[in-house]
Structures are given as structure tokens and as C-alpha cells.
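The structure under discussion appears below in the form of C-alpha cells.
The values are calculated or read from the model by the stated rules, or taken from the named source; none is laboratory data. Everything quoted here is computed from the prediction, not taken from an experiment. Cβ atoms come from the backbone with ideal geometry, glycine included; neighbour counts cover every protein chain shown. What goes into the accessible areas is simple: the full protein's heavy atoms, side chains included, and nothing from ligands, DNA or RNA. Shrake-Rupley method; radii C 1.70, N 1.55, O 1.52, S 1.80 Å.
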Amino acid sequence: MPRNYDSPIRDARRAETRQRVVQVAGQLFADLGYTATTLRMVARDARVSLERVTAVGGKPALLLAAFEDAINDGEPLGLIQRSDIAPAWAGDSLGEILAALVTYVASSNERVDALTAAWSEARRADPELASAYHRRMNDMRTAGRDFVTELVNRGLVDPHVNPTAIADEFWAAAHPTQYDLLVNLAGWSPERFRTWLLERTIRLIPPPEIPDGAAAT
């Protein structure tokens, strides 16, 4: 019977190599651009063989992986389940939940900011990457809609709101390109962007109306 050479140690090493390759690729994409970056450069800077790099993926796969790692910060979960947002749900405070959401989104934008130009270049060069980017953006819209729907289901926002419309407006305001415009081009600080996004989000997601007389009882 053939021996099974897989082991927790080998799996851990494989995961560590993948993480290093993706991180190096992301940095090269950010520094040099998508077109100028080669897999040999990634192998050189990650100090692994070219075969190791190609086992992780080609350039499109590496860009997607670098983007996902930056967006998720090592935690590929939905907006409701994330450990940096989930505790706020326990208190059922709309303000605390929105503040946790915006803190995550603003930090996420800061992490992916360096890849914004590489994404723009890659989408023009590779139709498959353009399609993958559009799918990822739609996933973000869906996550936002599910987030607002959860707020409605918990009675934390006006039940008459349109979750899809709210999610679209939040998605537009929170989009990485918006961060690029305001922070890199307009000169805002990341903290100013976070404050602005929180103010917009609070205006965008209204709490339920308090019936007449309810406050007095």
C-alpha cells in the first residue's frame, strides 16, 4: 500500500509557502504593476522555485489571491460573522454595529489600496480578470444587502427600507476606488475617510421610527 506522506507539518509548510508567495506577488504588483511583474520575480523575492510559484497559481490567480487576502485580512467570512464585527451584534446597538462595519471596511480599503492601480491595469489586459473583478464587486454588493437585511430582521432599522438600494449606495461610498480618490488624490487622511464613511452610513441606514408615546412609557 502506498504511504501517505501528507502530514500536519507538511500542510503547514505548504500553507506558509502559499502565503509568502501571495504576499510577495501582491507587493510586486503594487510596486511594479501587473504587466511588469513576472512569476520569476515572485519566485526570486519569495525565495522559492518557479515551480513552487506556479503551483500556487499564475499571475491572474496570484492577483486575485493577494486582493482576497488584503480584503479579508486572514478571515474570509461574511460581514455578519467576522470576529471584528460579530461582537457588536451581541449588543443590538445600531450605532456600534455600523461603527464596527465601517472600521473594517476602511481598514480593508487601506490594505488593498496599493493593489488598486494593478487591478485597473490587469482588467484592461485580461478579460478573465475583468470578469473576476466584476464578480467580486457583485459579491460585495450582495454581502452589503445581506448585512442590511439582517439589520431589518433584528428590528434595528426601518422595516420599510430597500436593502438592495442601501447596499448599493454604501458599496459605492465604500468602494476601494473611492478611498483612492479621497485619500490618495484629495489628500484625506485614512481617519478622515473612516469618519466620513461612518457619517454617510449612519444617514443612509435609518433606525426604526419610535411610535408616538412609546418614549414616554
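A few comments on the model shown:
- Percent accessible area from carbon and sulfur atoms, the range 15-143, protein chains only, probe 1.4 Å: 52
- Crossing angle, helix 59-72 versus the chain [Cα axis fit, 0-90 degrees, rounded to tens]: 40
- Folded to 0 to 90 degrees: helix 94-112 orientation relative to the chain principal axis, Cα: 30
- Between helix 190-204 and the chain: long-axis angle, C-alpha atoms, 0 to 90°, nearest 10: 40
- Shape call, the range 128-217: gyration tensor on alpha carbons, a/c limit 1.5: oblate
- Global form of the range 108-151, assessed from the alpha-carbon gyration tensor, a/c cut-off 1.5: oblate
- Judged by the gyration tensor of its Cα atoms, with axes a ≥ b ≥ c, the chain is prolate; a/c meets the 1.5 cut and a/b is the larger of a/b and b/c.
- What you get for the range 55-147, charging only the Cβ of Lys and Arg (+1) and of Asp and Glu (-1), is a dipole of about 360 debye around the Cα centre.
- If the chain linking residue 32 and residue 51 were pulled fully straight, counting 0.36 nm for each residue of separation and taking away their Cα-Cα distance, it would gain 4.6 nm.
- Averaged over its residues, the chain has an accessible area of 57 Å² per residue, based on protein heavy atoms and a 1.4 Å probe.
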